[in-house]
1. For labels at Cys145 and Ser471 in the simple 7 Å Cα→Cβ model, what's the distance in nm?
2. Give me Rg over Rh for the range 521-661, both radii from the alpha carbons and Rh done the Kirkwood way, two decimal places.
3. I want the local charge near Lys542. Using Cβ-Cβ distances under 15 Å, sum +1 for each Lys or Arg and -1 for each Asp or Glu among the other residues.
4. Report the extension gain between Val40 and Arg817 in nm, rounded to one decimal, defined as 0.36 nm multiplied by the number of residues separating them, less their alpha carbon distance.
5. Using +1 on the beta carbon of Lys and Arg, -1 on that of Asp and Glu, and nothing else charged, what's the dipole of the range 547-630 about the Cα centre, debye to 20?
6. Set the Förster distance to 35 Å, then compute FRET efficiency between Ser707 and Glu137 from the Cβ-Cβ distance, nearest 0.05.
7. Could you check the spin-label model distance between Ser681 and Glu864? Points 7 Å from the Cα along Cα→Cβ, value in nm.
8. For the range 142-290, compute Rg over Rh where Rg is the Cα radius of gyration and Rh is the Kirkwood radius from the inverse mean 1/r over Cα pairs.
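The values are calculated or read from the model by the stated rules, or taken from the named source; none is laboratory data. It should be emphasised that the depicted structure is a prediction, and the values quoted were computed from it without experimental measurement. Ideal geometry is used to build each Cβ from the backbone, glycine not excepted, and the neighbour counts take in all protein chains shown. Keep in mind that these areas ignore ligands, DNA and RNA; they rest on the heavy atoms of the full protein, side chains included. Shrake-Rupley method; radii C 1.70, N 1.55, O 1.52, S 1.80 Å.
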Amino acid sequence: MISGEVVVIELNVYLDNKGTLGSSKVAVVTIIIVVLLILVVLVVCMKVLNFRRSQRKILEEEEMLPKTKTHRTPEEEQFIKELKAKYELLYHSVQPLPYIRDRMYCVDKVYVYSGIERLVEQAHGNKMWKLLESHHELLKKPENCGRQIIEGEPGSGKSTLTLQLAYDWCQRVPKSPLSNVPVLIYLRLRQLRGVKSIYQAIRRFILPRDSDLSEVIVESIIKNFSGVLVILDGFDEYPDKDDQETDISLILRREMLQDIDVILTTRPFYLPKELAPHTDRIRLTGFNEDIRDQYIRKAVVHGDEQAAREIILKLQQNPLIGDLCQVRLLFVLFAHMSHENKDLKTFKSVTSFFRNVIACLHSHLMNKPIEKVIFDLKHDELNKVAFEALSCRNQLIVWDSTSLRKRLGDDFYEQYLKTGIFFEEEILTGDQFLYKKEVRFCHKLFCEWYAAHYIADYLSQESLTSATTESQSVAELLRYLDPFELHYVYRFACGLNKTASGKIVNYLQNNLKHKKFAMMCMLEQDYKSENIVDAITKLASKVVHVHGDDSQVHQRSTLQVLEFASATQITIACLHLTMAFKECDGYTILLQSGLSLCPLVTVEKIHIELEKEGNEPYAISEIQLTNIFCFGLRCQSVKELSFSECLLPLSPSQESINAEMISRKLKIYWRDYGYSLNLHSGDWEVDNINIIESLCSERLQIWTKDSKLQQNSTLQLLKNASNNDIPIFHLELLQSFSKADAGNIILCSGLQLSCPVSLKKLSIDTYEEGRELTETEVVGILMFAQHSQRLEKLMFLFCLLPQSIAAEDIPSILKSRKVRVTWLPYDSGKIYDLNLESGRWMYDDRTLDVTDAVYSKEVSEFREVWQGTDCQKARERKLKVPKDDTLTPLLTATSV
């Protein structure tokens, strides 16, 4: 860059050498010099500005990110290095198929984001589950929340998710918030039996045996870092979960290491008894169709589109096994097995599918050159071991390797170890220098499978005892097996033996809340049996409810029964989705629980009842309404769709209403207002006068915080009530009045309200505003009110009105009908009545006129109450510079 001074010097030299230039040339050169100087100054300023912006951005990012140390001690560097080495072993050892032990994947190659939802609190204490866009949002916690619980059923992918988090930390994945976490502690709680200290657990189960970092050093490092994250995987398998004095319990209650962040995973039935306040709740909801397809392409077929389509087709050919799509483990097994075995058969039950899984485990082992493999090895003792583990009060599915080997026999033990059904791991004993081997099932579902065999064998034995004694025996056997927690045990047992199935179903049907689950268990047997057809026919003849508060197992039971009814042409009278609907894509309805409802060809009526979002009902968009219509048409027998506790588009477009809806004469009802949809005009028409009468017999409110759709719905209701001469008891405008114009009221939202002819009582409430109405505005409201033929009372609440109204401006029709006009300035209990003849305010039962002194006192007290509000600030601005001549008399009178 050439400075201005250099240019001037060179120019002078040029002049000396060449002589003088003409005056015009000198002027041009001068302009060039000035322009160059300006450019130099601009460039310098831009560089300074960009530098300051970059510095500011760096400072902002530093404030947003956790405070991490820039310099680490040698011990800290060694600690982090050893942590990463351990985690790399874990996340590089993911086995989608347990029987293929030599095929391991990095978790990042097989992990696919599935449904993750956070429990969020809305206005007025309402709670709802909000879907997260990715697992990276887990650390974006609510304020003052350092504890998170991730809930999920067995096989839902809790451990896989935590391994992905460990991978993100080790690899410093840029888009992951874990890249800024200085230290990650990852512990599997099932290993911590008898270990009370978390520092001891880290030293024993994470750091290598030959590490020279002691527990004291580990404790010092943890306490010295800011922003530490601890992941505790598998609280449901934690042997010491009931011990309130372990470090784990103290940390969860935030009585220890209060500044660290904690993520805990568990099954829903095993939440910690005591938790820190503001604990964040997360749940895994399972795979939807898109995520399933994504997993197949990424982790199974590795981009082979033809192979992916074949697996997806096999899934579609198994409509009764919805669990395969929802439980991550079952789906993953099915997807990989389908790819491995092109001749994989179609399954009619979860039992038949899992039986095939076990067969694959053993047959894969038989194909290996091993000396001794017996496929039909009896497993009676293993059945008993599994049942004992699940039926005790405190389930424990981890055994000492030596003792279990002795109980089952060496050959049996070795074979199950090689198939992948058993999994051994080395743990420390009480002496931290001695190790022992423990064994567990590769997944709890396998434990449930063998426990189900024990139950099926036990109940299949012929009994000569009475029916009462038999039912007591069944209840005694199953007393510790919660059907909703261990539902696969029941389903497997029913699928394994028909006699056992009958006894289990009878036991479940004795409990009203288990009736639908009993039917799902019946489906594990021959689904054409008369008993189940009769039972489901009876259920489907009434309203079938799917409630949002029901457990996922309960909902799954209902959906599977409905799918069976649809597949076997059993008529379903009515399906009622109560606070369970989440969204619809036209092909399926996604429930709040994460489960999906497919079209039911035999359902005749579908009712969708939604849950409020804050202060007002849930609003269904026109796109969602169109998708629901499409879903309804796919239910070939549906005659009626109805909605309640929601807001719908007031004028659905003709694109939403297709010709098939008209030809099938589909009935669409909006129960909240008693409307039905005219499919030809697209208008909502009054269908049930009684509902409108009931609504109008109570207070109707138009609140400024209501959405436009909510306000429009109320305006439509008022219009329909007037058109049908239905009395409107009371209409309240809550801080929503903007102005009166040509006999109408304009709301703050911009919507126009025409006075309903059947309105009996109207109140203008400006609470929290401190609104001061002019005489023009009051007269405008009186002009609005005169259009009602039934008006009895007009009230002005929490506002300041003029001392009097010109008598000639008061509509004569209000005088002839003796409409009572009252005014309550603020919450003092003193109410004034307007003398319609004189236009003056009165008090003490209309015996005294409001004097100047009384009015001045009201003005003073009113402004003292509402001092600082937006309306009062606006009033003060208008006092300085009046813009409207109509305000001057009022401002003069009220400026005492």
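1. Between Cys145 and Ser471, the simple spin-label model gives 4.6 nm.
2. Numbers: Rg = 15.5 Å, Rh = 15.7 Å.
Expressed as Rg/Rh, it is 0.99.
3. Numbers: positive: Lys515, Lys516, Lys538, Lys605; negative: Asp534, Glu604.
Here the count lands on +2.
4. Values: separation 777, 0.36 × 777 = 279.72 nm, distance 8.19 nm.
So the chain would gain 271.5 nm between Val40 and Arg817.
5. Working: 4 positive and 11 negative charges, 52 e Å.
The calculation lands at about 260 debye.
6. On the way: r = 27 Å, r/R0 = 0.76.
The computed FRET efficiency comes out at 0.85.
7. So the label points at Ser681 and Glu864 sit 5.7 nm apart.
8. 0.95
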